[in-house]
Amino acid sequence: MPRWKPLPEGTEPSVRQLVSHLRRLKDRSGLTLAALEAKTGCSRSSWERYLGGRALPSQRAVRALCELTGTDPVRLLALREVAQSVWPASAPDDGNNRACDGRTPHADEEEAGDEDEDGGDDEAGGGPATGGRRTQRRGVGRGMFALVVTAAFAAAALSGALLGRAAGHGTTSAPRLPLVRCQVHSEEGALYAGYSRTWRKTIGLGYYREEVAEAECLLSRHGYDTGRVDGLYDIATRDAVRRAQEHAGEVNDGIVGQDTWPVLRREG
């Protein structure tokens, strides 16, 4: 097993935990960097940066390494979200797929959906515009969500309990995430919960972000049980989405995108 170079002092706890878990999974796989490149489509130089803590790993890379080692990616992707929120502005961030050959399944939708954070997505995607009040409310919702998420996972990372112990030494359960407060209201014939205004952002199993909190609140409003409403797109959330899609006559793939958001935002 290789000796890993220690991360610099002052590295954020969530970043340190993320890199440590990636290193552990790489060791567990027994693969060289060249083999990782061949099996994941992410370049050797990318893996060197990820495992050295010099670049935020892409979602594609995290998923691929988890798949190779038979690891559930949900909690590691959630830790990546927290690490991304504190990632140094001067350090590279490979995003979803830019450092890997090929594209993630929904990369196009994700990149297009990012436009809604600048206020330009909802009108193009079919959602009603509500001007300055919309922007202010969205900013408050996103800010509170990010604050709660970062605090919860930073504490979990410091305790070393997020992903459990190394293989062969038993496991520990993941911390229970803070519940999301749902305050669904109607605006110009559409439902909003205050966490996101998107009408087309693609989210699915393993995501942990404000769009998931928005979807969970809307699902609950329509009577679909998502389990704990905590902003984590887990199996219970996916199953609730499938039921909503089936009831609406949509393809029940369990993924919320431009065809499913109108279903969730519909009144009644």
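Tabulated results
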{"item": "Gyration tensor verdict on region 1-66 (Cα atoms; rounded if a/c is under 1.5, prolate if a/b is larger than b/c, oblate otherwise)", "result": "prolate"}
{"item": "Sites matching GluC sites (Glu not before Pro) across region 1-85 that sit in DSSP coil, with at most 13 neighbouring C-beta atoms within 10 Å", "result": "E9"}
{"item": "Label-to-label distance, nm, for residues given as T11 and E67 (7 Å Cα→Cβ offset)", "result": "2.6 nm"}
{"item": "Accessible surface of region 2-95, 1.4 Å probe, proportion on carbon and sulfur as whole %", "result": "48 percent"}
{"item": "In nm, spacing of pseudo-spin labels at V86 and A34 (7 Å Cα→C-beta vector)", "result": "3.7 nm"}
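The values are calculated or read from the model by the stated rules, or taken from the named source; none is laboratory data. These numbers were taken from a predicted model, which means no experiment stands behind them. Positions of Cβ are backbone-derived with ideal geometry, glycine not excepted, and every protein chain shown enters the neighbour counts. For the accessible areas, the whole protein counts, side chains as well, though only heavy atoms, and no ligand, DNA or RNA atoms are used. Shrake-Rupley method; radii C 1.70, N 1.55, O 1.52, S 1.80 Å.
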